[in-house]
Amino acid sequence: MSYIDGFVLAVATADRQAFIDYARQFDPVFIEYGATRVVECWGDDVPDGKLTDFRRSVQATAEEAVVFSWIEWPDKATRDAGMKKMMEDPRMDPATPGNPSMPFDGKRMIFGGFAPVFELGD
């Protein structure tokens, strides 16, 4: 089985294309460092919950959409090595001249690594 990094974040609806452009620039670096797949999903049907929900989890405002993303890795060791390389790569540093800033508030991003326990389908 693979290893999955999952992400939930809020992005201003006005910045949808900026987010897509950002993902197109940076997501290939994950592949370069061993990821097998990166998926970025723009919230389309994200209902309010009674106790909690995706919007509240990232403190999304009425002007923001929820983005749900994941990165698939062949295993945790590849992920750990790949993420270490990503953190050291100047292409990922918004302080590096020429790099765009993140089109979202990284402080409100929720993320984590997950070991699959069951898979069905392709």
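The values are calculated or read from the model by the stated rules, or taken from the named source; none is laboratory data. Computed from a predicted structure; not experimentally measured. Heavy atoms of the whole protein, side chains included, go into the accessibility calculation; ligands, DNA and RNA do not. Shrake-Rupley method; radii C 1.70, N 1.55, O 1.52, S 1.80 Å.
Measuring nothing but protein heavy atoms, the accessible surface of the chain at 1.4 Å probe radius is 58 percent carbon and sulfur.
Listed values [x] 13.0, 37; [y] 13.5, 45; [z] 15.1, 44 include one computed from this model; for Rg and Dmax of the Cα atoms in Å that value carries the label [z].
What lysines could a cross-link reach from Lys84, if we take a straight Cα to Cα line under 25 Å and drop same-chain neighbours fewer than 8 places away? Partners within reach: Lys76, Lys107.
Distance from the C-alpha centroid of segment 7-57 to that of segment 68-122: 11 Å, rounded to the whole angstrom.
Would you mind working out the accessible area per residue for the chain, using a 1.4 Å probe, and quoting it in Å²? Before the final figure, lay out the partial values.
Numbers: 7910 Å² over 122 residues.
Here the residues of the chain average 65 Å² of exposed surface.
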